[in-house]
1. For D60, state whether it is surrounded by 15 or more Cβ atoms within 10 Å (Cβ to Cβ), at pLDDT 90 or above and either β-branched (V, I, T) or part of a helix (DSSP H, G or I) (or both).
2. How many residues are loosely packed, with under 13 Cβ neighbours inside 10 Å and either at pLDDT below 95 or in a loop (DSSP other than H, G, I, E, B) (or both) if we restrict to segment 20-41?
3. Restricting attention to segment 93-105, does a residue exist that is under 15 Å from N12 (Cβ atoms), in a helix (DSSP H, G or I) and modelled with pLDDT of 85 or more?
4. When segment 63-103 is examined, which residues are found to be open to solvent by 50 Å² or more (accessible area, probe 1.4 Å), of a type in the set (A, V, I, L, M, F, W, C) and without any contact (Cβ under 8 Å) to a residue 40 or more places away in the chain?
5. Hey, among K15, K52, which residue is under 16 Å from E88 (Cα atoms) and either open to solvent by 30 Å² or more (accessible area, probe 1.4 Å) or not in a helix (DSSP H, G or I) (or both)?
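The values are calculated or read from the model by the stated rules, or taken from the named source; none is laboratory data. All figures in this text were calculated on a predicted structure; none of them were measured in a lab. FYI the Cβ positions are ideal-geometry reconstructions off the backbone, even for glycines, and counts take in every protein chain you see. With ligands, DNA and RNA removed, areas are computed over all heavy atoms of the protein, side chains included. Shrake-Rupley method; radii C 1.70, N 1.55, O 1.52, S 1.80 Å.
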Amino acid sequence: MDKELFLQLTSNLYKLTLLFPKKEPLRFKMREAALQVLEDFIKFKKTNPSPKFIPETLADIEILDGFFEIAKNQNWVSSVDILKLKQEYSMVRGELEKILFESSKELKEK
């Protein structure tokens, strides 16, 4: 996982939410959650990589997942576009869970 991936994910989410109604709270909530995921990732990378930010990031991704479901049901945008973005965040979640598992495994071995 690299910074470019997270920047692209955040950018894609912003583009998607541009199509939501202008004053729709979900538009802003999704952007806030995506920005938090990006911020957590940058903090994670700066701490060489310390897993302490992973649980927060996983929680933010789970929140985004719920937001994706709500957005999909509103028919503001193509459900295919929402599902694609949702899958990309799910892949990130899988990678973070793997890192968290490996770090907890290393701690137990010490």
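1. Details: surrounded by 15 or more Cβ atoms within 10 Å (Cβ to Cβ): yes; at pLDDT 90 or above: yes; either β-branched (V, I, T) or part of a helix (DSSP H, G or I) (or both): yes.
Judged against the criteria, D60 is a match.
2. Matching residues across segment 20-41 total 3.
3. Taking segment 93-105 first, the residues under 15 Å from N12 (Cβ atoms) are none.
Within segment 93-105, not a single residue is under 15 Å from N12 (Cβ atoms), in a helix (DSSP H, G or I) and modelled with pLDDT of 85 or more.
4. If the condition is that a residue be open to solvent by 50 Å² or more (accessible area, probe 1.4 Å), of a type in the set (A, V, I, L, M, F, W, C) and without any contact (Cβ under 8 Å) to a residue 40 or more places away in the chain, then I63, V80, L83, M91, F101 are the ones that fit.
5. Values: K52 fails: under 16 Å from E88 (Cα atoms).
The match here is K15.
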